[in-house]
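Peer 1: Before I ask anything, let me first share the structure, which is written out below as structure tokens.
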Amino acid sequence: MRRTAAIKGTPLLRRFVLPGVVARSSGDRRCRVSLSGQRGFALVSGIFLITMLFLLSAYMVAFRVYQEAAFTLDTQGTRAYAAARAGVEWGAYNSLRNNACAATTALAFSASLADFTATVTCSRRIVARP
């Protein structure tokens, strides 16, 4: 006993064929075009674009954080150099102008150099001229 199913007009076939979409094939016959292979393309494209935008924004945030850290370290390095130079200048002035040489002096700074101290060590040595 053979069983045959009627294919014409089944809901399964109607689901994949859009109403009103007509294509002409060779000859005068009209046939319906199935767009079932096209389903979900916009979803995949949307997910890809959202993922790329998320990755780009994450990179930009990380870059900004690293840039801010580098700027802070650069500023601190410049302030440390200024504190060290001020200590050298104070030691040279004290030695040459006042003709005094304290063994070790700690200098405390104010304002933007308040986080730094300079320790100046001085020793005199008499050099005989030939």
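Where a number appears in this text, it was derived from the coordinates with a stated rule and is not lab data. Small disclaimer: the values here were computed from a predicted structure and weren't measured. Here the Cβ is made from the backbone with ideal geometry for all residues, glycine too, and neighbour counts use every protein chain on show.
Peer 1: Just wondering, is there one or more residues in the range 71-80 that are of a type in the set (Gly, Ala, Ser) and surrounded by fewer than 10 Cβ atoms within 10 Å (Cβ to Cβ)? First the steps, then the outcome.
Peer 2: Initially, the range 71-80 is screened for residues of a type in the set (Gly, Ala, Ser), giving 77, 80.
Checking the rest, the ones that are also surrounded by fewer than 10 Cβ atoms within 10 Å (Cβ to Cβ) come to none.
No, the range 71-80 contains no residue that is of a type in the set (Gly, Ala, Ser) and surrounded by fewer than 10 Cβ atoms within 10 Å (Cβ to Cβ).
Peer 1: Does the range 101-130 hold any residues that are assigned to a loop (DSSP other than H, G, I, E, B) and under 46 Å from the mean Cα position of the chain (by Cα), and which are they? Walk me through it before giving the result.
Peer 2: So in the range 101-130, the residues assigned to a loop (DSSP other than H, G, I, E, B) come out as 101-103, 109-110, 114-116, 122-130.
Of everything in the range 101-130, those that are assigned to a loop (DSSP other than H, G, I, E, B) and under 46 Å from the mean Cα position of the chain (by Cα) turn out to be Phe109, Ser110, Ala114, Asp115, Phe116.
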